[in-house]
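The values are calculated or read from the model by the stated rules, or taken from the named source; none is laboratory data. Treat the numbers as computed from the prediction; the structure is a model and nothing was measured. Positions of Cβ are backbone-derived with ideal geometry, glycine not excepted, and every protein chain shown enters the neighbour counts. Remember, those area values only see protein heavy atoms, side chains included, never the ligands or the DNA or RNA. Shrake-Rupley method; radii C 1.70, N 1.55, O 1.52, S 1.80 Å.
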Amino acid sequence: MSDLYLSMGRKEGAAGSLYWPIRFTNTSTTSCALRGYPGVSVLDTAHHQIGPAATRSGRSYGTVTLAPAHSASAVVRTTNGPVGGPCLRTGTYLRVYPPASHTATLIPAPWTSCSGVFQVGPVNIEGAF
């Protein structure tokens, strides 16, 4: 998994939720396969975790094969503000474990989990949550 480059896509708000895709880009010269959910948590500037890790959205998934230089994404979601509960303090990084990997990547990403909602979808190429 050392040949994966992780970055954040474009945040989108919809129906009281905030969605932000985590992009997985294959930087190797051969194809790689990803299957399932990444592990995601929010960290502060000192790399301490803020709140619980993301829960899984429950969506079904298949194996995504990435050709060199191609990307897939897993979308994280929270509520768009304190809708039914308070917001946690804003983190500085997302710590992301790609599916089936025990090595995390820190991505600079200001993220605020609100209302006890912090979910992640499976890796896919459709942009689905």
**Prompt:** When residues of segment 77-119 are filtered for being under 19 Å from A33 (Cβ atoms) and touching a Pro at 6+ places or on another chain (Cβ under 9 Å), how many remain?
**Reply:** 6
**Item:** Some residue of segment 40-62 being among the basic types (K, R), in contact with a strand residue (DSSP E or B) (Cβ under 7 Å, 6 or more places away or on another chain) and more than 18 Å from G9 (Cα to Cα)
**Value:** yes
**Complete:** Sole miss for V83 among (1) within 14 Å of the chain's Cα centre (by Cα); (2) among the hydrophobic types (A, V, I, L, M, F, W, C); (3) closer than 16 Å to S17 by Cβ is condition (1)
**Item:** Within segment 70-127, strands (runs of 3 or more DSSP E) holding 3 or more residues that are polar (S, T, N, Q)
**Value:** 71-79
**Residue within segment 15-33 that is touching a His at 6+ places or on another chain (Cβ under 9 Å) and not in a loop (DSSP other than H, G, I, E, B) present** = yes
**Request:** Scan segment 34-63 for residues that are within 14 Å of L106 (Cβ to Cβ), of a type in the set (S, T, N, Q) and not in a loop (DSSP other than H, G, I, E, B) and report the count.
**Result:** 2
**Request:** Report whether or not A128 is in contact (Cβ under 8 Å) with a residue 12 or more places away in the chain and on the phi > 0 side of the Ramachandran plot.
**Result:** no
**Item:** Failed item in (1) modelled with pLDDT of 95 or more; (2) open to solvent by 80 Å² or more (accessible area, probe 1.4 Å); (3) of a type in the set (S, T, N, Q), with T92 passing the rest
**Value:** (2)
**Message:** Can you say whether M8 is out of contact with any helix residue (DSSP H, G or I) (no Cβ under 7 Å at 6 or more places or on another chain), surrounded by 13 or more Cβ atoms within 10 Å (Cβ to Cβ) and modelled with pLDDT of 95 or more, as far as the supplied structure shows?
**Reply:** yes
